[in-house]
1. For chain C, what is the calculated [θ] at 222 nm in deg cm²/dmol (nearest 500), taking -39500 (n - 2.57) for each run of four or more DSSP H residues and dividing by its residue count?
2. What whole-number distance in Å separates the alpha-carbon centres of segment B:307-368 and segment C:137-197?
3. Nearest 20 debye, what's the magnitude of the dipole of the protein assembly as shown about its Cα centre given +1 on Lys and Arg Cβ and -1 on Asp and Glu Cβ?
4. So what's segment B:39-97 giving for Cα Rg divided by 2.2 N^0.38 Å, two decimals?
5. Order these by the 10 Å Cβ neighbour count, fewest first: B:H496, C:H40.
6. Calculate how large, on average over all directions, the projected area of the Cα convex hull of chain C is; give the answer in nm² to one decimal.
7. In a Gaussian network model over chain C where Cα atoms closer than 10 Å are linked, find which of C:T223, C:T149, C:T136 has the largest mean-square fluctuation.
8. Using alpha carbon centroids, what distance separates segment B:502-521 and segment C:24-101, in Å?
Amino acid sequence: MRELRFDGVSVRFGSRGHRVTAVDGVDLTVPAGSVVGLVGESGSGKSTLARAAVGLVPLSAGRVTLDGAPVPTRGRRPLQMVFQDPYSSLNPRMTIGATIAEAVPRGTDRRAEVARLLALVDLPDRMTRYPAELSGGQRQRVAIARALAGRPEVLIADEITSALDVSIQGAVLNLIRDLQRTLDLTILFISHDLAVVRYVSDTIAVMYRGRIVEHGPADTVLADPQDPYTRELLASTEGRSR
Amino acid sequence: MGRVLRTPLGAAAAGTVAVVLLLAVLAPVLWTDAANAVDTGQIQQGASADHWAGTDSLGRDIFFRVLVATRLSVQLALLATALGVAVGLLLGTAPLLLGARAGRVITAAVHIAVAFPGLLLALFFAVIFGVGTTGGLLAIGFALAPGFARLTHTMVAGVAGLDYVAAARIAGVGRLRVLFRHVLPNVAEPLVVNATVAAGNALLAFAGLSFLGLGVQPPDYDWGRLLGEGLGAIYLHPEAALAPGVAVVVAGLAFNLFGEAIAKGVGLERRLGTSTSRFRRRPRVAPDPDDSAMLVVENLSVGFPGTTPVRGVSFSMRRGDAVGIVGESGSGKSLTALAVSRLVEEPGIVEAERLSFLGADLRAGEHRRLLGTSLAMVFQDPMTSFNPTMRIGRQLSEVARHHEGMDRRAAMARAVDRLAAVRLSDPERRARQYPHEFSGGMRQRAMIGMGLMGKPALIVADEPTTALDVTVQRQVLELLASIRAADDVAILLISHDITVVEQVCDRVLVMYAGRIVEDLPAAELRTGARHPYTKALLAAVPDMTTDRELPLTVIPGRPADPANLPPGCAFAPRCPLADARCATEDPELVENAGARVACWHADVPAEVIS
Amino acid sequence: MTAAVSAPVDHPWGRFALRRFGRLLVSVWVLVTAAFGMIHLIPGDPVRGALGPTASQELVEARRAALGLDQPLWQQYLDYLRGLFTGDLGVSMNSGMPVADILGDRLPATVELAVLAFALAVLVSVPLGLAFAVLTRGGRRRPLELGFTSTSVVLAAIPEFLLAVALVWIFSVNLGWVPVAGRDGPSSYVLPVVALALAPAAILARIVRVETLTVLRADYIRTARAKRLPSRTVYFRHALPNALTAAITLGGLLLGALVAGTVLVENVFAWPGLGSTIVSSILAKDYPVVQGVVLVYGVGVLVVNLVVDVALALLDPRSTIREG
């Protein structure tokens, strides 16, 4: 059980004259064993923040820590991520079993571990299948199993339901909730959909133009939003579901 | 590979390649003596029964020489290709292995080298490595490398940007393993295809080099040399030039076509899916026979070879109506919208018992003017729905110019006016801009403005907000609602998001697997839905009032595949209420108290389901 | 154009010109250095190679000194660069004529050939590709598509010099309509130009067709059809410019290849251009001339690429931004 912290994290892209600041001095704490929902529109920097946390994008300033120590980039990775599009996040040339096994740490019984993980995400007996044989929801569950293979204590879920059909979304959200409870995971749950974030999160952070504009317990943020953007977001979302 | 051989072209190319390779192995063994036999009595003869392609300046048989030359020609081509591919692969994958900085230098160098045509590079290297077989081999190999490097680099970069590579890196997989396990297998097919085509090109290039006298030197000979020798005597007996020429073309073409055939076969495999044709006539379900109906759709079907993604859809709309069609991907909702707007293209076939708009029968004739001015379309992706090379103002004004014969100035004035009407600030400046200078929300407004250039009676909006942010979504939906209110314009809104439809429309059609399964007033959606699919859809999506302590309702299974439907109700495999009857008989859409539903169990109360 | 609506500070056209010019400079520098380095990369002594094994050591030494090959490498490099700026490309090892004069003498014939062939290729291929795209879109007229594709594949795969030989055999040897070789009067242009243009025309026609088909499937074509514009407006105003922007990139590469193709065609037709010069010079080991021709060809290709990029920027309003 670990705590994920962002301290003054900035990410800038481009070079001379063309500099774009995607993430601008973000301070955010995901307390151990809790779910923090990060909501924002496309281009707000939320996905860049996630990619920066796992080292896919270099930081321009600040640091990301796990229990005060930098996120390790070698050996066992205690921080894992699930991606948005289950159609591009699984290698089409590898079986489900091989994909997951690759992420299992050395020195474990890989076969048994893969079987255990697939059972965990409710996909038993699919080890020899290829991604093309699975539906979008099933693929997303495989991606979750792969993320869990490294026995992470912290998980980043980046828009994991937005590429899925509406009838499938619910199953994936339920799975994330169950896993969080049984494994006591720390989760940073990223979505553009406030209703989805509200459903899974204890704490909600609102990101707008690279900055966290509001952050607090879910009920407080939703009942009494302080930032004008949060209010607009809330009004837009509530308008959709009177 | 089997698929490649089954096409006539692929089989012919593969056969020719096999023959060429066989000749390369056997010809020198069998006919070297015949090819080298000097006969001073038969110098520079034309074709005869003894010498099918005549003789050269030493009286040697040209036909046998061409056959024997197969080995050297093919060998050199394959070696040069191997060299080019190896160097190209190294350079092309170096950025991935060496990291960003070293990679950028290599990529820049390749970029410069690629700008120079292969022949020029080959000549350059031929000077350095010297005239002769080895020099030519190195020259052509290195000349092939930059092109192959760039191809490799482009494809590797494409795959390396995908999430599964990111996921592997996060999981701690090393760079080499990422390259060999995740990247190369996924770019192997196009690389093999291109290497095959490159072998053909290397063969031709080597022939060219030898033809110029820069490649193979006497006493060795390949096809290019034979060709060069033959050209000098083309007046006396053209066979001497034509025989090696034909050999070069046939062998080069065989490699090229074989590559193309592999490429086609690979493409085919992706496209071919299992499909069973099903085109059933549905009994007519009477829609509102009201004469004031502006749009009447009766028993509409859209068929493609192998599938019928829209089956027997019927509904009607009056002026000012707002009807929403809800469904998941593959439900046929977008195709229904395109069919209504007469925008389904071949090979799609639209059939309907009635399809009338403002009294005109849309099944016959083009109705350009009527549809161009009275029916407006708004598409899902505002980023790709405008022509990128034309200014926004011109894209709007051409509607008025074409359909109403307005002059340029008047049409542009109206375009600016309509951009203002969809609440774009500074419309005159906006009209002069290109689509890429607009944000997504602005483009969608401009798209709606384009529909307002005429006097629309109906706006068909296909997922108009899906690509937009929530806050922008609301503004676009409000814009549509205000246009509807102001001018009594009807709106047909297609969406996967039931809450969006609920917000804008007064009637909702729920589609599943190409059929309407429920049709009910939007106000009754939450309370009066009777089809288990509608109810499950409402419960599966969390909203701001969902109880966070309870798990969400789950619809098991996957959405129906229109190409492979079950015999009975298409929803039966996922339905908690399904029984034997549901599995065999497809329920009809039955009208009852202003709503329609297609379900054998429509009267089971909601509690049983969730 | 786009500049009018952008902030003056970062003028997209200014940035584009600057970036493009920088790239050209780098490429020219690489080219010049490669041409210079060529003579030093040759194993053995190039002067000995050129003069042959029987030449006396004194003669070789004297020629080395005349060519500056006894100087330190950096000095030679600087001299070479200085020479380029003053139009001095050295002298031929064989004839002693200034290389610049030889190039000036031979260049026009090659340029004529390349320009005529490119014009022919474009004039034939663009309308053809467009027409076939429209006729065979959405899987229509399969036999026609098959015929077009196979013909263009075969034509594209036949190298220029073979085509040239075949043309000579048919039209000069058998029919006697046009001269076999040489550059003498309009009729002597026909075969070299056709031989040079046919393969690029076939490739370009295929590319135009494929690009047009891709464009015809684009969302904005559906938008244009939804506006119920007449077909000719949809094809010529909405489809063609977008298909051409994609085709131009590859067309530029083809033009570069066509410039190089002159080497082979000139040798078949004994055309007094740079192509026959470079081959005879390579065989005679007359390296200063080879250097000069490589430079001219290289610069020609770079200029073509520059023209293509500018044409793209003019046709496609996004391109100046896309690259940045």
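Here, each number is a calculation from the coordinates, and none is a lab measurement. Computed from a prediction, not measured in an experiment: that's the story for all the values here. Positions of Cβ are backbone-derived with ideal geometry, glycine not excepted, and every protein chain shown enters the neighbour counts.
1. Mean residue ellipticity at 222 nm (helix-derived): -24500 deg cm²/dmol.
2. Segment B:307-368 and segment C:137-197 have Cα centres separated by 50 Å.
3. 620
4. The value comes to 1.96.
5. Sorted ascending by nearby Cβ count, the order is C:H40, B:H496.
6. Values: hull surface 90.7 nm².
That works out to 22.7 nm², a quarter of the Cα hull's surface.
7. Highest fluctuation among the options: C:T223.
8. About 81 Å separates the Cα centre of segment B:502-521 from the one of segment C:24-101.
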